[in-house]
Amino acid sequence: MSAALKRVLVTGGAGFLGSHLCERLVERGHDVICLDNFFTSQKSNVAHLLGRPNFELVRHDITQPIFLEVDEIYNLACPAAPGHYQYNPIKTMKTSVLGVIHVLGMAKRCRAKVLQASTSEIYGDPEVHPQPETYRGAVNTLGPRACYDEGKRAAETLVMDYHRMNGVNVRIVRIFNTYGPRMHPFDGRVISNFIRQALGGEDLTIFGDGSQTRSFCYRDDLVEGMLRMMAAPDDFPGPVNLGNPGEFTIKELAELVIELTGSRSRIVYHPRPADDPERRKPDIALARARLGWEPKVPLREGLRRTIEWFRSIDMAHYRPPTPNY
Ligand code: NAD
Ligand code: UDP
């Protein structure tokens with residue numbers, strides 16, 4: 001293997017973002033190990049990679065130790081949709097905390113570089129808008145989202161402690177809402193719900209009055225940002241925000257999905273879930289300056305591609321992983 005080709009572990013590699021990341025790494029010629037317990041994904045996401053000599057699939061739960069020899073680790077294993085991470089909140093916290101401890105221990109032993117997939121959720125329901133990396137966040141430690149938010153916050157802490165104490169080479173990316181082909185159609189996230197509902201002729205379910213906002217990043221842009229962060233100079237552990245700064249209300253999103261699908265679905269309003277953040281928009285000045293990165297795919301185009309993918313799949317092949325969708 002040439003010096004530029006690496007042994008790369010992607011935990012959560014069969015998931016929505018992980019499977020696309022594995023694809024990109026395999027295309028570059030790296031020796032890729034995809035580790036997953038398939039809680040929120042299925043083998044079909046990586047089936048097209050299975051015959052490749054530089055791709056390996058390991059069924060493993062990251063809350064348990066594992067010994068592998070690798071040069072780089074992307075730590076993505078964690079349920080990401082609210083309905084998934086709230087299904088078993090204690091397991092979610094264990095996945096973030098025990099998972100990152102196992103990953104960092106492996107990195108220390110192998111002298112591997114680690115990229116931690118953190119989240120905009122560490123900002124909670126933010127009082128600062130847009131959110132820069134310096135903002136410390138407003139998370140309700142007691143609420144139903146805390147298992148995810150606090151698990152990811154603790155993981156960031158562990159990443160920086162292993163860095164300072166053991167010299168582990170680390171990077172943290174804070175990912176804002178990302179969408180695209182291979183989202184789980186029953187994950188309950190707003191884009192998958194709206195597209196599935198619009199294509200099925202069902203009502204689109206807005207939680208609250210739809211004035212809350214989110215900023216949606218297309219999958220390919222996001223994965224490009226992760227690859228750049230892994231390749232960034234070692235003196236830049238981050239954290240760095242990765243997301244699309246275009247901000248939309250949930251009502252605008254529903255109307256756009258109806259327009260792009262040509263659906264005759266109507267919009268209906270349901271109660272807002274507890275602790276649902278009011279506004280969210282990344283400040284990406286740091287990613288622009290340090291990684292030369294910014295998203296390229298506008299929401300309309302990304303939604304078009306995502307709708308096309310949803311039309312192409314047989315939803316009967318997707319098992320809702322939890323009753324919470
Ligand atoms: P996803 O649910 O599709 O992927 C997560 C993957 O991790 C799945 O394949 C799942 O089976 C696996 N997994 C879960 N628990 C595990 C365990 N204990 N052991 C091994 N594997 C396990 O979600 P995604 O959107 O691809 O998210 C990937 C990562 O990015 C997550 O860490 C998530 O927190 C982070 N993130 C995603 C977004 C987004 O909008 N998609 C936003 C912020 C952060
Ligand atoms: N949402 C909605 N209808 C749905 C699913 C979600 O109105 O069918 C809202 C949800 O209340 C939130 C926003 O859309 O305000 C984004 O929700 P999602 O679960 O996709 O992500 P997160 O809240 O984690 O950003």
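Every read-out reported here was derived from the displayed coordinates using simple, explicitly stated rules and does not represent laboratory data. Fair warning: this is a prediction, and the values are worked out from it, not measured in the lab. Note: ideal-geometry Cβ built from the backbone for every residue, glycine included; neighbour counts use all protein chains shown.
Applying the criteria of a DSSP loop state and at most 14 other Cβ atoms within 10 Å to the GluC sites (Glu not before Pro) of the range 1-83 yields E69. The magnitude of the dipole of the range 75-211, with charges of +1 and -1 set on the Cβ of Lys/Arg and Asp/Glu and taken from the Cα centre, is near 920 debye. Under the criterion of Cα pairs below 8 Å and six or more residues apart, the relative contact order for the range 102-252 equals 27 percent.
Can you tally the net charge around D234? Count Lys and Arg as +1, Asp and Glu as -1, for every other residue whose Cβ sits under 13 Å from the Cβ of D234.
Details: positive: R111, K113, R171, R290; negative: E72, D235.
Within the 13 Å Cβ shell, the charges total +2.
Could you work out the local net charge near G124, counting Lys and Arg as +1, Asp and Glu as -1, over the other residues with Cβ closer than 12 Å to its Cβ? Around G124, the surrounding residues sum to -2.
All other residues with a Cβ under 13 Å from the Cβ of L222 taken together, and with Lys, Arg as +1 and Asp, Glu as -1, what is their net charge? Each step should come with its number before you reach the end.
Numbers: positive: R24, R174, R182, R219, R228, K296; negative: D220, D221, E224, E294.
Charge balance near L222 sits at +2.
Within the range 222-260, which residues have the backbone N less than 19 Å from the label spot 7 Å out from R28 along Cα→beta-carbon, could you tell me? So the set is 222-238, 240-243.
Build a GNM of the chain with springs between Cα atoms under 10 Å apart, and of Q64, Q131, Q86 the one that fluctuates most is Q64. Note on the chain: dipole from Cβ charges, positive end direction compared against P65, L76, A117; the farthest Cα belongs to P65.
Annotation for the range 126-161: GluC sites (Glu not before Pro) lying in DSSP loop with at most 16 further Cβ atoms inside 10 Å of their Cβ are E127.
With contacts taken as Cα pairs under 8 Å and at least 6 residues apart, the chain reaches a relative contact order of 18 percent. Charged side chains reduced to their Cβ positions (Lys and Arg at +1, Asp and Glu at -1) give the chain a dipole of some 460 debye around its Cα centre. State the Cα centre-to-centre distance between the range 113-176 and the range 20-46 in whole Å. First find each Cα centre; the distance between them is then 24 Å.
Residues considered: D71, D209, D314. Largest GNM mean-square fluctuation over the chain, using C-alpha springs under 10 Å, is found at D314.
Looking at the chain only, what percent of DSSP beta bridges run antiparallel? Nearest 5 please.
On the way: 3 of 38 bridges.
Counting only bridges with both partners in the chain, antiparallel ones make up about 10 percent.
Each residue, D161 and A274, gets one label point 7 Å from its Cα in the Cβ direction; the gap between the two is 2.8 nm. Here the chain is scanned for trypsin sites (Lys or Arg not before Pro) in DSSP loops (not H, G, I, E, B) that have at most 14 other Cβ atoms within 10 Å, and the longest stretch holding none of them is 137-263.
Return the FRET efficiency for the residue pair Q64, K108: r is the Cβ-Cβ distance, R0 is 22 Å, and the value is rounded to the nearest 0.05. With a Förster radius of 22 Å, E is 0.80.
If you take the beta carbon distance between E255 and L142 as r and set R0 to 56 Å, what does 1/(1 + (r/R0)^6) give as a FRET efficiency, to the nearest 0.05? Walk me through the intermediate numbers first.
Working: r = 35 Å, r/R0 = 0.62.
Taking R0 as 56 Å, the efficiency between E255 and L142 is 0.95.
Among the listed pairs K113/K152; K251/K281; K94/K152; K43/K108, those whose Cα-Cα separation exceeds 22 Å are K43/K108.
Let me have the 222 nm mean residue ellipticity of the chain computed from DSSP H runs of 4+ only, each contributing -39500 (n - 2.57), with the sum over all residues rounded to the nearest 500. Could the numbers behind the result be given before it?
Working: 9 runs with 115 residues, N = 325.
The helix-only estimate for the chain comes to -11000 deg cm²/dmol at 222 nm.
FRET efficiency for the pair D209 and A231, taken as 1/(1 + (r/R0)^6) with r the Cβ-Cβ distance and R0 = 35 Å, rounds to 0.25. Between V170, V58, V190, the GNM of the chain built on Cα springs shorter than 10 angstrom shows V58 fluctuating the most.
Restricting to bridges with both residues inside the range 166-325, how much of the DSSP beta-bridge set is antiparallel, in percent to the nearest 5? Antiparallel: roughly 25 percent of the beta bridges in the range 166-325.
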